[in-house]
Every structure is written in C-alpha cells, then in structure tokens.
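Quick notes on the structure that follows.
Throughout, read-outs are computed from the coordinates displayed, never taken from laboratory work. Keep in mind the model is a prediction, meaning the values are calculated, not measured. For neighbour counting, all protein chains shown are included, and Cβ atoms are generated from backbone atoms with ideal geometry for every residue, glycine included.
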Amino acid sequence: MSDQQLADLFSTAPKLHRCGGVIIVRLSKSLAIKGGRGVPPTEFRNMVFAAESLHLPVPKVHRTFKADVPEI
C-alpha cells in the first residue's frame, strides 16, 4: 500500500482517539495509524529504542512516513 493510500485511509477511517494534535484511527482489528501535527518525528526512533534496548512493551511500528493530510 502506498503512503498516499495510507494517508487517504487516515482521513476516512474510524477515529479511536484524538488529543493535542494527535489522532489514532483504526484500519483493522489489529492495525491502527497514529498521525497529526502532535506526533514528533523522533517518536518512531524512540519506540524502536524502547523495544530493542530497554525491552519495554510498546506497540510495533510497521512503517513511518510523512504526508500532508487535511485537518480532521
């Protein structure tokens, strides 16, 4: 699936959570997208570090990308 297709789904999928410029939408029973202006670009690297180096339970990051999406 392309970045643009995911960005389109982000705009139309059911919203699970919205707070402070961060939006989480459900794509399937086990897959969600987190996005918005409140998600810092370093969050992906921090989550990988927490999982691999500190062995903390964090959601698995499958992919990261930047896209322009309308405010929803």
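For the chain, take the longest principal axis of its alpha carbons; what is the angle in degrees between that and the long axis of helix 43-52, to the nearest 10 within 0 to 90?
Between the helix axis and the principal axis of the chain, the angle is about 40 degrees.
Hey, what angle do you get for helix 3-12 against the long axis of the chain, alpha-carbon based, 0 to 90 degrees rounded to 10?
Its long axis makes an angle of about 70 degrees.
If you compute volume of the Cα convex hull per residue in Å³ for the structure shown, which of [x] 100; [y] 121; [z] 109 do you land on?
[x]
Taking the Cα centre of the chain as the origin, how large is its charge dipole in debye, to the nearest 20, when only Lys and Arg (+1) and Asp and Glu (-1) carry charge on their Cβ atoms? Write down the numbers at each step before the final one.
Values: 10 positive and 6 negative charges, 45 e Å.
Approximately 220 debye in magnitude.
For the chain, what does the helix formula give at 222 nm: sum of -39500 (n - 2.57) over DSSP H segments with n ≥ 4, over the residue count, nearest 500 deg cm²/dmol?
Numbers: 2 runs with 20 residues, N = 72.
Result for the chain: -8000 deg cm²/dmol, rounded to the nearest 500.
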